Amino acid sequence: MNGPARRVPVRPDRAAAELQGSVIPGTTFSRGSMTLPSLIGASVGFSGLVNTMQQLTVEREDGTLLRAKALPNGMSGYLIGKIVLVSGMAIVGIALLILPGLFMFDGLEIDAMTWVTLAWVLVLGLVATLPIGAVLGSLFENPRTMGVIMLPVMALVGTSGIFYPIGELPSWIQGIAQVFPLYWLGLGMRSAFLPDSMVAVEIGQSWRTWETFGVLGAWAVAGLVLAPIVLRRMARRESGSTVAARREKALQRMPG
């Protein structure tokens, strides 16, 4: 039997270290040092989107969601618990990237504004991606069908300027990437950790702080409006019989 979908691990330390020996064209700045803050942004996106989606799907199948529904204010408590859990995982993940990164990579600029920018991009990024992850999680009845969403997610990682400047990509790909939160999370984190000279390789030679705030804010508003509606409908459809039916299907997949 295929097991539950596992979290796709992002290994920023390894990926950034492998790029440390090369430089950004037209600069003396290493790709590894530029990639590290981008991967911090990608880690936030994965935590909010993928982890939320996977946890909701798994707990829908095993009956956790149904048990929460049966309690007074159970769904509210369930969602608050997921927000706290995923946010905590994101913060721990970022800390595990930043602490060794400060010693491994040269050229990062750390000052008071670094932490201010990190804080608001982190908070707004989670608010932008957590509800969307919940919406996507509501679309899958079991975790074994979630693989279909991972291909476009990984395609976004590859086209959002995480591993190399987005300006190296065709303009039509740049346009698509800028619709989604992942690019803006990476850009926001680069603006926090990189020197001002590196803005030259960004679109428009600008960190586009207000645009970052606006796009992430728009996704946050859309998700916060849509997620409660979708989750309420999903919760109404949950019953003992639907959970039992999913378990029966899972048992049928077991080798005889």
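Just so you know, all these numbers are worked out from the coordinates, no wet-lab data involved. No experiment lies behind these values; they were computed from the predicted model shown. Glycine also receives a Cβ, built like all others from the backbone with ideal geometry; neighbour counts cover every protein chain displayed.
Just a few scattered comments:
- Share of Cα-Cα pairs in segment 116-225 lying beyond 25 Å, as whole percent: 24
- Whether segment 128-173 is rounded, prolate or oblate, judged on the alpha carbon gyration tensor where a/c under 1.5 counts as rounded: prolate
- This ranking places ASP196, ASP62 by how few other beta-carbon atoms lie within 10 Å of each, fewest first, which gives ASP196, ASP62.
- At full extension, ILE80 and ASP106 could sit 5.5 nm farther apart than now, given 0.36 nm per residue minus the alpha carbon distance.
- In segment 12-252 the Cα-Cα distances spread across 5 Å bins starting at 0 as 1, 6, 13, 17, 17, 14, 10, 8, 6, 4, 2, 1, 0 percent of all pairs.
- Take the Cα of LEU139, step 7 Å toward its Cβ, do the same at ILE176, and the gap between the two points is 1.6 nm.
- For VAL23, residues with placed amide H under 5 Å, excluding near neighbours: ARG31
- Counting neighbouring Cβ atoms within 10 Å and putting the fewest first, the residues SER206, SER138 line up as SER206, SER138.
- Under 5 Å, built H, 5+ apart or other chain: amide partners of GLU109: LEU194
- Applying the Kirkwood pairwise sum to the alpha-carbon positions of segment 64-124 produces a hydrodynamic radius of 14.2 angstrom.
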